[in-house]
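**Q** Below is a structure I'd like to ask you about.
The values are calculated or read from the model by the stated rules, or taken from the named source; none is laboratory data. Owing to the predicted nature of the structure, the values given are computational and were not obtained by experimental measurement. With ideal geometry, Cβ positions are generated from the backbone for all residues, glycine too; neighbour counts draw on all protein chains shown. Ligands, DNA and RNA are stripped out before the accessible areas are found, and what is left, the full protein with its side chains, is counted by its heavy atoms. Shrake-Rupley method; radii C 1.70, N 1.55, O 1.52, S 1.80 Å.
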Amino acid sequence: MEEVPREVPRSQAQEQAPERAQAPDTEAHVTVGSPDAMQDLGRRIAALLRPGDLVLLTGELGAGKTTLTRGLGEGLGVRGAVTSPTFVIARVHPSLTGGPALVHVDAYRLGGGLDEMEDLDLDVSLPESVVVVEWGDGKVEDLSDDRLHVVIRRAVGHEEVLDDVREVAVRGVGARWSAGAGLETLAGVLSE
């Protein structure tokens with residue numbers, strides 16, 4: 001007779017799981033000089049991604065989150081124009097090349113955490129897709145122990161904001177990114 005595994009509630013499962021060593025985070029810093037360069041950074045990041053990757057994008061309105069995601073879409077070879085999904089919450093862009101689909105989520109208008117986002121079935125999409133979440137801080141981290149967190153800030157020089165220049169920090173969290181997984185190739189300055 002085959003034994004059927006029983007489902008264990010999440011909190012109980014966490015207590016029963018052996019302690020996992022926390023992998024050190026890795027980080028790359030990039031100065032981006034234009035929207036075209038931000039899109040190029042997205043293409044470069046896409047070359048490092050694989051199905052199951054979660055990418056969180058943080059930055060003020062107009063920082064370049066959707067522009068970076070457009071570059072991710074180009075790099076992944078997905079169908080459809082990548083635009084801000086603010087009013088539809090999420091868009092799925094299937095691959096044209098046999099790679100992972102891009103699931104682009106805008107959590108700006110969602111106030112709750114992962115519970116409010118459950119209707120989007122991101123946990124179902126994640127294993128075979130690359131899921132990119134704008135404004136996802138504090139809302140979707142529980143989807144994966146391994147993720148990229150991209151923080152985009154406007155550059156400041158001599159007490160004034162430099163219009164198109166952005167400082168981008170790309171931080172890999174978890175075992176997937178512990179050895180950098182190529183993040184070091186991103187560091188530097190991109191301008192066009």
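**Q** Can you find even one residue in the stretch 8-26 that is surrounded by fewer than 21 Cβ atoms within 10 Å (Cβ to Cβ) and either in contact with a Leu (Cβ under 9 Å, 6 or more places away or on another chain) or modelled with pLDDT of 95 or more (or both)?
**A** Yes: the stretch 8-26 contains one or more residues that are surrounded by fewer than 21 Cβ atoms within 10 Å (Cβ to Cβ) and either in contact with a Leu (Cβ under 9 Å, 6 or more places away or on another chain) or modelled with pLDDT of 95 or more (or both).
**Q** Select from the stretch 166-192 the residues that are at pLDDT below 90, of a type in the set (A, V, I, L, M, F, W, C) and open to solvent by 40 Å² or more (accessible area, probe 1.4 Å) and list them in ascending order.
**A** Ala179, Ala187, Val189
**Q** May I pose another question? Could you check, for the stretch 113-126, whether at least one of its residues is open to solvent by 70 Å² or more (accessible area, probe 1.4 Å), at pLDDT 90 or above and not in a helix (DSSP H, G or I)?
**A** No, there is no match, as no residue in the stretch 113-126 is open to solvent by 70 Å² or more (accessible area, probe 1.4 Å), at pLDDT 90 or above and not in a helix (DSSP H, G or I).
**Q** Ok, one more. Among the listed residues Leu76, Leu72, identify the single one that is more than 26 Å from Ala155 (Cα to Cα), modelled with pLDDT of 95 or more and surrounded by 18 or more Cβ atoms within 10 Å (Cβ to Cβ).
**A** Leu76
**Q** While we're looking at this one, here's another question. Return the residue satisfying two criteria in turn: it lies in the stretch 169-183 and is touching a strand residue (DSSP E or B) at 6+ places or on another chain (Cβ under 6 Å) and outside any loop (DSSP other than H, G, I, E, B), and of such residues it is farthest from Asp146 (Cα to Cα).
**A** Of everything passing the filter in the stretch 169-183, Ala169 is farthest from Asp146 (Cα to Cα).
**Q** For the stretch 44-67, how many residues are at positive phi and free of Cβ contacts under 8 Å to residues at least 40 places away in the same chain?
**A** So the count comes out to 1.
**Q** Another one. Pull up the stretch 67-83, narrow it to residues that are assigned to a loop (DSSP other than H, G, I, E, B) and of a type in the set (A, V, I, L, M, F, W, C), then point me to the one that is nearest to Leu56 (Cα to Cα).
**A** Per the criteria, the residue is Val82.
**Q** Still on this model: Consider only pairs whose beta carbons are under 8 Å apart and that are at least six residues apart or on different chains; among these, list those whose first residue lies in the stretch 92-108 and is part of a loop (DSSP other than H, G, I, E, B) and open to solvent by less than 10 Å² (accessible area, probe 1.4 Å) and whose second residue is at pLDDT 90 or above and acidic (Asp, Glu).
**A** Correct list of pairs: Ala107/Glu134.
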